[in-house]
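Input: a single structure, listed below in structure tokens.
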Amino acid sequence: MASAAKVCAASIANTRRPLFTTPGASGPVVPEAAVQSIGERHFVFLPVKNNEGSFVLREVRLGPAADGHYSVLEGLRLQDEVVTDGSFILKAESVRQHPELH
């Protein structure tokens, strides 16, 4: 899995959540609101360090959802931060800029 696109969107998405684990999870856990689906694939947005208002689209492989969160089996590390509020808008902009994603 690789980064698919870089999106610039000043002040569209400003809520970042550091990742965490829960008992029984095999890796990081993200809020359901952070995950966006494009076709059969699942993505999250990560803020670009030192580049305010820029985000990277990252494909992830998910485990089951529980209590409003997904366990992430592949694609993220615990030190990553993901966008939660505004991720749908970032998805729409990504698909507009990169129609090959759809």
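The values are calculated or read from the model by the stated rules, or taken from the named source; none is laboratory data. Fair warning: this is a prediction, and the values are worked out from it, not measured in the lab. Counting neighbours? That spans all protein chains shown, and the Cβs are built from the backbone with ideal geometry, glycine included.
For the stretch 48-64, filtering for residues that are modelled with pLDDT of 90 or more and of a type in the set (Gly, Ala, Ser) leaves 1.
The set of residues in the stretch 52-69 that are hydrophobic (A, V, I, L, M, F, W, C) and farther than 23 Å from Leu101 by Cβ contains only Ala66.
Of all residues in the stretch 47-102, those satisfying the criterion of being within 12 Å of Gly27 (Cα to Cα) and hydroxyl-bearing (Ser, Thr, Tyr) are Tyr70, Ser71.
Condition check: at pLDDT below 85, surrounded by 13 or more Cβ atoms within 10 Å (Cβ to Cβ) and within 24 Å of His102 (Cβ to Cβ). Does Ala5 satisfy that? I'd like the intermediate steps shown before the answer.
Details: at pLDDT below 85: yes; surrounded by 13 or more Cβ atoms within 10 Å (Cβ to Cβ): yes; within 24 Å of His102 (Cβ to Cβ): yes.
It is true that Ala5 is at pLDDT below 85, surrounded by 13 or more Cβ atoms within 10 Å (Cβ to Cβ) and within 24 Å of His102 (Cβ to Cβ).
Of everything in the stretch 46-102 that is within 13 Å of the chain's Cα centre (by Cα), outside any helix (DSSP H, G or I) and among the basic types (Lys, Arg), the residue that is surrounded by the fewest Cβ atoms within 10 Å (Cβ to Cβ) is Arg77.
Any residue at all in the stretch 73-87 that's touching a Gly at 6+ places or on another chain (Cβ under 6 Å) and at pLDDT 90 or above? Yes; the residues of the stretch 73-87 include at least one that is touching a Gly at 6+ places or on another chain (Cβ under 6 Å) and at pLDDT 90 or above.
Scanning the stretch 25-45 for residues that are touching a strand residue (DSSP E or B) at 6+ places or on another chain (Cβ under 8 Å) and assigned to a loop (DSSP other than H, G, I, E, B) turns up Ala25, Ser26, Gly27, Pro28, Val35.
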